[in-house]
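Worksheet: one structure, shown below.
The values are calculated or read from the model by the stated rules, or taken from the named source; none is laboratory data. All values reported here derive from a predicted model rather than from experimental measurement. FYI the Cβ positions are ideal-geometry reconstructions off the backbone, even for glycines, and counts take in every protein chain you see.
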Amino acid sequence: MHIPSLRDAVKADEWALRCDLAACYRLVAAYGWSDLVFTHISAKLPDSVTGGEHQFLINPYGLMFDEITASSLVKVDMACRKVIDSPFPVNPAGFVIHSAVHEARPEVGCVLHTHTRAGVAVSAQQHGILPISQQSTFVLHSLAYHDYEGVAFRPDEKPRLQADLGQANFLVLRNHGLLTVGRGVAEAFLNMYTFENTCRIQVDALAGGGALTQVNPGILANMGEVMKVATAGQGAQLAWPALLRKVERLDPSYKT
């Protein structure tokens, strides 16, 4: 399907964000985290684009993640009205979840939600995320849980999801999947990379059948300081340029 380019129709800040978000969709597909067309990643547009109005970009419902381009992303306001005309609808469940987070957490620039096999498996385990890997220590530092209420298309679920997320950056949606937030696209992606690997490791470790060694609670309590020393909060910025080079090698059409 031919989608006209928006490069010359939007501000430079919006175009840059569109390219980053489209790259994120391609990476989610490349890493095997997509669920056909049924999950979502959103990015909040900066005030320099919107003049202070809350608007965000989200996937065109019906496109596979490896088809998404910068120009095909749908721009909506907080009432799910399209700001720029698009031939594609927006997934109602996607809008409810993402608008809830963007509404409650104004500092969040990107929300990433997945239904991966490992993520859903761990979301169904009563004990949740176990402290059994280095990856899990980063997740447990900022983790929350939200109980399953059915497909998330009812606006009345929003306040409960917002309350459960609180100030956490990682959210287990029970019996459903995983959600991460970040100050930008790069941070939300790196958080999901860590979250997904935490779940894969846990599923594999439990499948081994033996007793598990848990991380010392003292290490978990000190993770805030560890993260400051390890990456000074810049881990996503260190990895993102390399990830963009990966997307370029796979298919540079994401930025059209």
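Give me the residue from segment 166-216 that is in contact (Cβ under 8 Å) with a residue 60 or more places away in the chain, outside any loop (DSSP other than H, G, I, E, B) and among the hydroxyl-bearing types (Ser, Thr, Tyr) and, out of that set, farthest from Tyr145 (Cα to Cα).
The selected residue is Tyr193.
From Leu206, Leu140, Leu173, which residue is more than 25 Å from Ile58 (Cα to Cα) and surrounded by 17 or more Cβ atoms within 10 Å (Cβ to Cβ)?
When all the criteria are applied, what remains is Leu140.
Would you confirm, using the coordinates I've provided, whether Gly128 is more than 15 Å from the chain's Cα centre (by Cα) and without any contact (Cβ under 8 Å) to a residue 40 or more places away in the chain?
The answer is no for Gly128.
May I ask you to say which residue of Ala118, Ala124, Ala152 is of a type in the set (A, V, I, L, M, F, W, C) and closer than 27 Å to Pro106 by Cβ?
So the residue among Ala118, Ala124, Ala152 that is of a type in the set (A, V, I, L, M, F, W, C) and closer than 27 Å to Pro106 by Cβ is Ala152.
Being touching a strand residue (DSSP E or B) at 6+ places or on another chain (Cβ under 7 Å) and either in a loop (DSSP other than H, G, I, E, B) or not β-branched (Val, Ile, Thr) (or both) is the filter here; which residues of segment 55-87 pass it?
Gln55, Phe56, Leu57, Asn59, Pro60, Leu73, Lys75, Asp77, Lys82, Val83, Ile84, Ser86
Which of the following residues is among the aliphatic types (A, V, I, L, M), part of a helix (DSSP H, G or I) and on the phi < 0 side of the Ramachandran plot: Val90, Val10, Val28, Val37?
Val28
Among the residues of segment 136-153, what is the count of those that are touching a Pro at 6+ places or on another chain (Cβ under 7 Å) and under 19 Å from Gln125 (Cα atoms)?
Here the count works out to 2.
Give me the pairs, please: first residue somewhere in segment 28-47 and in contact (Cβ under 8 Å) with a residue 60 or more places away in the chain, second residue anywhere and surrounded by 17 or more Cβ atoms within 10 Å (Cβ to Cβ) and among the small types (Gly, Ala, Ser), beta-carbon distance under 7 Å, and either six or more positions apart or on two chains.
Listed by first residue and then by second, the contacts come to Val28/Ser34; His40/Gly94; Ala43/Gly109; Lys44/Gly109.
What is the number of the single condition among (1) buried (at least 19 other Cβ atoms within 10 Å of the Cβ); (2) farther than 20 Å from Pro241 by Cβ; (3) touching a helix residue (DSSP H, G or I) at 6+ places or on another chain (Cβ under 6 Å) that Asn59 does not meet?
Here Asn59 clears every test but (3).
Can you pull out every residue in segment 93-128 that is aliphatic (A, V, I, L, M), part of a loop (DSSP other than H, G, I, E, B) and closer than 21 Å to Leu27 by Cα?
Val108
Take the residues in segment 95-125 that are within 19 Å of Arg174 (Cα to Cα) and surrounded by fewer than 18 Cβ atoms within 10 Å (Cβ to Cβ), then tell me which one is nearest to the chain's Cα centre (by Cα).
Ranking the qualifying residues of segment 95-125, first place goes to His115.
At negative phi and at pLDDT 95 or above: is that true of Glu196 in this structure?
Criteria met by Glu196.
May I ask you to list the residues in segment 149-165 that are surrounded by fewer than 15 Cβ atoms within 10 Å (Cβ to Cβ), in contact (Cβ under 8 Å) with a residue 40 or more places away in the chain and not in a helix (DSSP H, G or I)?
Scanning segment 149-165 gives Val151, Phe153, Arg154.
Which residue pairs have Cβ atoms under 8 Å apart, sit 6 or more places apart or on different chains, and have a first residue in segment 6-20 that is over 11 Å from Pro46 (Cα atoms) and among the aliphatic types (A, V, I, L, M) and a second that is at pLDDT below 95 and not in a loop (DSSP other than H, G, I, E, B)?
Listed by first residue and then by second, the contacts come to Val10/Val49.
Restricting attention to segment 135-148, which residues are without any contact (Cβ under 8 Å) to a residue 60 or more places away in the chain and either in a helix (DSSP H, G or I) or in contact with a His (Cβ under 9 Å, 6 or more places away or on another chain) (or both)?
Val139, His146, Tyr148 - these are the residues of segment 135-148 that are without any contact (Cβ under 8 Å) to a residue 60 or more places away in the chain and either in a helix (DSSP H, G or I) or in contact with a His (Cβ under 9 Å, 6 or more places away or on another chain) (or both).
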